[in-house]
Structures are given as C-alpha cells and as structure tokens.
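Since the structure comes first, as structure tokens, the remarks are kept for the end.
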Amino acid sequence: MSTPYEQQHVEYPSRKRMVWLTVGAALFVAAGFFLMFDDSSAKESVISSVIGLLSILFFGLCLCYSLVKMIKKEPSFVLDDHGFVDSSSYTSGGFIAWKDVENIFMYEFMGQKMIGIKLWDEKAFLDRQNGMKRKLMTVNSSMVDATVSIVQNSLTLPLDQLYYMMIERWERSNEGYSPDLPHNE
C-alpha cells in the first residue's frame with residue numbers, strides 16, 4: 001500500500017530553456033569559427049585563433065550536452081523519501097541518499113540562484129565520479145562549500161519550491177521517519 005510520502009517528484013528539462021541554451025551555444029561556436037579565421041594582423045590573429053578555439057571547444061561541449069538533453073526523455077531531477085537523483089547538469093551528482101546529506105542551502109553565484117548540497121563524506125562521493133566531473137565538482141566545492149549544486153536551467157519547477165520540497169523530505173528523514181510505519185495525516 002502506497003502512502004503520500006512515498007510519491008516521487010519528477011522534473012524534466014525545460015524545453016524552452018534547453019532551446020535557448022542550444023541556440024546560445026551554437027552562436028558562440030559560430031563566433032569561435034569567425035575568430036579563428038579572421039584575417040587581422042598576425043599578433044591579433046594568434047590571440048583570436050586561441051580564443052576562437054577555446055570558444056569552439058567549450059561551447060561545442062555545451063551544444064552537444066544541450067542537444068542530448070533535448071533528445072533524451074529522461075528526468076533531470078527525481079525526489080523521493082530515500083533521497084534524490086540529480087541529472088540536471090554535467091556535474092550532477094546522480095543518486096544521493098538523505099542520510100548522506102549534511103546541509104541543504106540556497107545561494108547565489110554570479111547572479112544565478114542555486115541549491116547547494118553539502119555531504120557528510122564528500123571525498124567518498126567525489127571518488128565515485130569520473131575524472132573531469134570530479135575536478136569540476138572539487139572546484140565548485142572549494143568556492144561555495146557545496147558538494148553538489150542544482151541550477152534552475154534544467155528544471156521547470158521554480159528553484160525555491162524545489163528547495164522547500166527537498167528540505168521537507170530531508171528533515172523528515174532526519175526525524176527517523178520510516179515509510180513502512182503507519183502515520184496520521
């Protein structure tokens with residue numbers, strides 16, 4: 001028998017935001033090609049070529065990521081009584097159990113609101129990640145003291161609402177709530 005507390009909240013990527021991300025990345029890739037093949041002076045040409053190449057590489061990866069996210073019909077975030085599955089960005093954390101969460105907080109970085117999740121055993125979590133993702137997560141953790149950060153870009157639910165849903169389930173898990181025990185509503 002299912003109780004209301006066993007229900008999942010599932011978020012899918014916002015199509016509108018993903019389209020804008022894809023268009024923006026494509027424009028920066030095009031600008032990178034323009035910079036690489038611009039016919040200006042020799043000194044400026046080398047600098048332009050390097051900036052163009054970096055733009056093509058970085059925004060090309062962003063373009064590929066956003067295209068894959070648009071084509072795949074996978075959730076970007078799933079929340080339930082056991083924890084959450086974050087697939088909202090390249091540096092997403094995958095499944096994280098509530099028992100592993102030390103703190104959940106809202107913060108703003110470079111004008112963008114985010115949900116930060118600090119884990120009890122950050123090192124063990126980072127050791128499970130692949131090389132590049134681990135490095136990006138380590139840099140993020142050193143800047144904002146959050147092992148995992150959830151951004152609005154891949155979500156349809158406003159970040160504030162998702163934050164309150166996460167806090168509610170996390171606090172309930174800390175109170176020793178067991179979905180198998182009967183409860184009053």
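Read the figures in this text as sums done on the coordinates, not as results from a lab. Computed from a predicted model, the values in this text were never measured in an experiment. Note that we place each Cβ from the backbone using ideal geometry, even for glycine, and neighbour counts take in every protein chain shown.
What to note about this one:
- Efficiency of FRET from Cβ geometry, V46 and I71, R₀ 41 Å, rounded to 0.05: 0.65
- When the chain is described by a simple charge dipole with +1 on each Lys and Arg Cβ and -1 on each Asp and Glu Cβ, the residue from S66, P13, Y163 located farthest towards its positive end is S66.
- The charge dipole of region 41-184, taken about the Cα centre with unit charges on the Cβ atoms of Lys, Arg (+1) and Asp, Glu (-1), comes to about 700 debye, rounded to the nearest 20.
- Ranking of V50, V144 by neighbouring Cβ atoms within 10 Å, starting from the fewest: V50, V144.
- Of the residues N174, V23, W120, the one whose Cα sits farthest towards the positive end of the charge dipole of the chain is V23 (charges of +1 on Lys and Arg Cβ, -1 on Asp and Glu Cβ, taken about the Cα centre).
- Positive dipole terminus of region 77-174, leading residue within Q129, G111, S87 (C-beta point charges): Q129
- For the chain, calculated [θ]222 nm from helices alone, where every DSSP H run of n ≥ 4 adds -39500 (n - 2.57): -16000 deg cm²/dmol
- Cross-link check: pairs K16/K72; K16/K73; K99/K133; K113/K133 evaluated at a Cα-Cα cut-off of 18 Å; pairs beyond the cut-off: K99/K133; K113/K133.
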